[in-house]
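The values are calculated or read from the model by the stated rules, or taken from the named source; none is laboratory data. Because the structure is predicted, anything quoted here is derived from the model rather than measured. Positions of Cβ are generated from backbone atoms using ideal geometry, with glycine treated the same way; all protein chains shown enter the neighbour counts.
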Number of protein chains: 2
Amino acid sequence: MGTKIITISRQFGSGGRSIGREVAERLGIPFYDKELVEQVALESGFAPSFVEENGEHSPTRSRLAYAFSHQSIPGVMNGMSIADFLWSVQCNVIMQLADKGPCVIVGRNADYILKDRKDCLDVFIHADTDFRADRIVRLYGESEKSPVARLNEKDKRRMINYQHYTGRVWGQSENYDLCLNSGELGIETCVELIVAAATK
Amino acid sequence: MGTKIITISRQFGSGGRSIGREVAERLGIPFYDKELVEQVALESGFAPSFVEENGEHSPTRSRLAYAFSHQSIPGVMNGMSIADFLWSVQCNVIMQLADKGPCVIVGRNADYILKDRKDCLDVFIHADTDFRADRIVRLYGESEKSPVARLNEKDKRRMINYQHYTGRVWGQSENYDLCLNSGELGIETCVELIVAAATK
């Protein structure tokens, strides 16, 4: 079996994006992250920053944001809410990218969107709270909220979004081919294990 | 980091035991399966077949079996139920075996029992229902119950037992360092990935 389409889902701060980028580089295949956001923005008409923020997250608990995301713009989105319209464009873009051949796609529920393809390796990256809290402070700096609160908020929004659109439990091992604890195994070992599994 | 203590939890029929045996052989470390059962039998006074059947399974739904497992024998088990007494002996035996050095331990909630050690690699093996149903028929033959009913019953009992004694969700990726889909990756690749992760 040759190289596959690799989907990487990840807890916030676990290093999933860095791992994905490195895997793509070693295998010489495209890494879809910013390009995916840009394509969804182009096809949906939303700003890239809006797609980035809402493409794999449920809305924050702000009532205004929630109400907004469940409104639709008449005549533009076939009566769909903004969240559902974004989901539908994202599904199309991800399926088109996968059709082009082996690649790495990070986040955005790609494991579920591509579930009917036989050539995917679905990966989930997680790590304990201390490892992730330390990592986000090093990468993104301090903020008003504690690192743990930032982790919990982001992961809760990813989890709710995943469950809403897929009906599955986020992080349940049966949804993936390979789940890795990057805090315990280390980023480099995660890269090696994914490359080995994808090229077996 | 040298070779670790490897705990392997697994869905019934996923090949976890065969994978564990092969990993132990490649690493030249002990594989605790029958020896563990025998040691628990020796220390508890129960028959090995009773330990094998009840060491990692909640009782079947038979009321008699349930009532029996929640009885205690006065003066022998310090007032504990049979199930709790068996759990306590099993914890001791697993901790003693881990103290001897690197090894592979299959099942029996060893990931949780050894959670305070820093030298463990906790693995969960799963596969889709078709792969496992096919495998148990090839290995254990047909029976009156359908293969799928056999899988569901056995996994449900393991899941309830795990949740009861650990408070964790069985198969949730955060509980393990490495979760592998043996149906998708193949038994041989699972062995290679575990060996690579354990000797990094």
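Things worth noting here:
- When the residues of the stretch A:107-162 are filtered to those that are among the β-branched types (Val, Ile, Thr) and crowded, with 17+ Cβ neighbours inside 10 Å, the one that is nearest to A:Leu185 (Cα to Cα) is A:Ile125.
- Residue that is surrounded by the most Cβ atoms within 10 Å (Cβ to Cβ) [pool: residues in the stretch A:177-198 that are among the β-branched types (Val, Ile, Thr) and facing another protein chain (nearest Cβ under 10 Å)]: A:Ile194
- Residue in the stretch A:92-104 that is within 14 Å of chain B (Cβ to nearest Cβ) and either under 23 Å from A:Gly171 (Cβ atoms) or not small (Gly, Ala, Ser) (or both) present: no
- Conditions (1) over 21 Å from B:Phe124 (Cβ atoms); (2) hydrophobic (A, V, I, L, M, F, W, C); (3) in a strand (DSSP E or B); (4) within 14 Å of another protein chain (Cβ to nearest Cβ); number of the one not met by A:Leu151: (3)
- Any hit, the stretch B:104-116, residues being over 14 Å from the mean Cα position of the chain (by Cα) and of a type in the set (A, V, I, L, M, F, W, C): no
- For B:Glu174, the conditions (1) in a loop (DSSP other than H, G, I, E, B); (2) at the interface with chain A (Cβ under 9 Å from one of its Cβ atoms); (3) not aromatic (Phe, Trp, Tyr) all hold with the exception of (1).
- Residue satisfying condition, being out of contact with any Cys (no Cβ under 8 Å at 6 or more places or on another chain) and more than 25 Å from B:Lys200 (Cα to Cα), within set B:Tyr165, B:Tyr112: B:Tyr165
- Test: residue in the stretch B:1-18 that is at pLDDT below 85 and surrounded by 14 or more Cβ atoms within 10 Å (Cβ to Cβ): yes
- Hits in the stretch B:94-113 - residues which are closer than 13 Å to B:Ile8 by Cα, modelled with pLDDT under 95 and part of a loop (DSSP other than H, G, I, E, B): B:Gly107, B:Arg108, B:Asn109
- Taking the stretch A:21-48 as the range and being outside any helix (DSSP H, G or I), within 16 Å of the chain's Cα centre (by Cα) and of a type outside the set (A, V, I, L, M, F, W, C) as the test, the residues that pass are A:Pro30, A:Tyr32, A:Asp33.
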